[in-house]
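Enquirer: Attaching a single structure in structure tokens format; questions to follow.
The values are calculated or read from the model by the stated rules, or taken from the named source; none is laboratory data. As the structure is a computational prediction, the values presented were derived from the model and not from experiment. Ideal geometry is used to build each Cβ from the backbone, glycine not excepted, and the neighbour counts take in all protein chains shown. Areas reflect the complete protein model, heavy atoms only, side chains present, ligands, DNA and RNA absent. Shrake-Rupley method; radii C 1.70, N 1.55, O 1.52, S 1.80 Å.
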Amino acid sequence: MTTQQWFNEQHDYSGSSIGFRVTQRLHTEQTPFQSIEIWDSTDWGKLMVIDGCMMVTTRDNFFYHEMMAHPALFTHPRARRVVVIGGGDCGTLREVLKHDEVESAVQVEIDERVTRLAEQYFPELCESNNDPRAQLLFIDGIKWMAECEPETLDIVIVDSTDPIGPAQGLFNEAFYHSCLKALRHGGILVQQSESPLAHLPLLKDIRKAMKGAGFQALRTLTFPQPCYPTGWWSATLARKGVDLSDFRERGAEMKQFATQYYNAEIHKAALASPEFLRDALGD
Ligand code: SAM
């Protein structure tokens, strides 16, 4: 009998862990920013792990990438200029570029190695990288956003690692204030806001910082994400000057591209808030 090998991500804060049966480690390296590992698995395809935390699996990344992109794009009436901060695996960028109305999509990733490894091990996520509307920059998203010309963006998607290391400054009021300044009226900020169950205090802090920065309308959408702690994740949307109660439902129903999770019904369902979250967030 052969011994099975498992990759386990232990979550001390929630007293739980998630494990994947792996066959071999395909790559490991320490970049100036973080450690990156790529694994092959028996059931989940390839895995990308940064600093011991699961980022992407071949099998289930579509939940996260679609929910980081499409709810905001089907809420904004016509998003022409979109920026993804982080997101080096390029999956969110690919979803953004499915929208014909997008004229320019810039991905600002601090660590070029994440993208180079994604190109090698997750080529399907990188299939739109050569779209003429796409621009890939490898610099710090905090600095880029602070220097961005005011009122030039329609959507900012913060597809970041957890708020430690280089991503720490992507979760505070100063950064959200830079985003607010860079967005045009009606523009939308999307922040991956972790597990509503395991990270509720952090989720509250994110929303407090967004409000403190001057965003009035906030909405936290929840969705399944099997490979992340607790298997349940969230994206928080914040809008400049306009509320977030509606979305382009007809546009979502008639969408001209394929998705695996997102559709108009899922969008409506994701806007519903469970009782404990309503109590905690006041949505
Ligand atoms: N969906 C993933 C998750 O929640 O596990 C995140 C995926 S994506 C790989 C996160 C990316 O954010 C990483 O590649 C990391 O290098 C990037 N990142 C972290 N801090 C950053 C910063 N200050 N500026 C730009 N990118 C940053």
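Enquirer: From Cα pairs below 8 angstrom and at least 6 apart in sequence, can you work out the relative contact order of the range 1-118, rounded to a whole percent?
Expert: 15 percent.
Enquirer: With the other protein chains left in place, how much accessible area per residue, in square angstrom, belongs to the range 5-57 at a 1.4 angstrom probe?
Expert: Per residue, the range 5-57 has an accessible area of 50 Å².
Enquirer: In addition: If I model a spin label at Q256 and E112 as a point 7 Å from the Cα along the Cα→Cβ vector, what separation in nanometres do I get?
Expert: Between Q256 and E112, the label points sit 3.5 nm apart.
Enquirer: Just name one of Y176, S17, Q135: the one whose Cα is farthest towards the positive end of the charge dipole of the chain (beta-carbon charges, Lys/Arg +1, Asp/Glu -1).
Expert: Y176
Enquirer: Got a sec? Charge dipole of the chain, +1 on Cβ for Lys and Arg, -1 for Asp and Glu; which of A217, Y262, A72 is way out at the positive end?
Expert: Going by the charge dipole, the pick is A217.
Enquirer: Rounded to the nearest 10 degrees, what's the angle between the helix 200-213 long axis and the longest principal axis of the chain, both from Cα atoms, 0 to 90?
Expert: Helix 200-213 and the main axis of the chain meet at about 30 degrees.
Enquirer: When the C-alpha atoms of the chain are aligned to their principal axes, what extent does each axis show, in angstrom, from largest down?
Expert: So the three principal-axis extents are 61, 44, 38 Å.
Enquirer: Here's a follow-up. For the range 5-57, report the convex hull volume of the alpha-carbon atoms normalised per residue, in Å³, without decimals.
Expert: Spread over its residues, the Cα hull of the range 5-57 gives 77 Å³ apiece.
Enquirer: Also, quick follow-up: Could you report the range 234-283's accessible area per residue, 1.4 Å probe, as an integer in Å²?
Expert: 54
Enquirer: Right, here's the next one. Could you identify which residue out of R207, R116, R94 has the top mean-square fluctuation in a GNM of the chain using Cα springs shorter than 10 Å?
Expert: Among R207, R116, R94, the largest mean-square fluctuation in the Gaussian network model of the chain belongs to R116.
Enquirer: Give me the percent of accessible area attributable to carbon and sulfur for the range 69-224, probe 1.4 angstrom.
Expert: That share works out to 50 percent.
Enquirer: Using label points projected 7 Å from each Cα along Cα→Cβ, tell me how many nm separate S245 and Q4, to one decimal.
Expert: Here the modelled spin labels are 5.0 nm apart.
Enquirer: Probe radius 1.4 Å, ligands and nucleic acids ignored: give me the carbon and sulfur share of the accessible area of the range 5-57 as a rounded percent.
Expert: The value for the range 5-57 is 44 percent carbon and sulfur by accessible area.
Enquirer: Could I get the Rg over Rh figure for the range 1-151? Both from C-alpha atoms, Rh via Kirkwood, rounded to two places.
Expert: Values: Rg = 16.9 Å, Rh = 16.7 Å.
Using Cα coordinates only, the ratio equals 1.01.
Enquirer: Evaluate the charge dipole of the range 205-282 about its Cα centre and quote only its size in Debye, nearest 20, assuming +1 on the Cβ of each Lys and Arg and -1 on the Cβ of each Asp and Glu.
Expert: 280
Enquirer: Taking the 0 to 90 degree range and rounding to the nearest ten, how far is the long axis of helix 61-73 tilted relative to the main principal axis of the chain, both from C-alpha atoms?
Expert: 10
Enquirer: Enter the angle in degrees (range 0 to 90, nearest 10) between the Cα long axis of helix 112-121 and the first principal axis of the Cα atoms of the chain, meaning the one along which they spread out most.
Expert: Taking the Cα atoms of the chain, the angle to 112-121 is about 60 degrees.
Enquirer: So in the chain, what percent of DSSP beta bridges are antiparallel if you round to the nearest 5?
Expert: So the antiparallel bridges amount to about 65 percent of the total.
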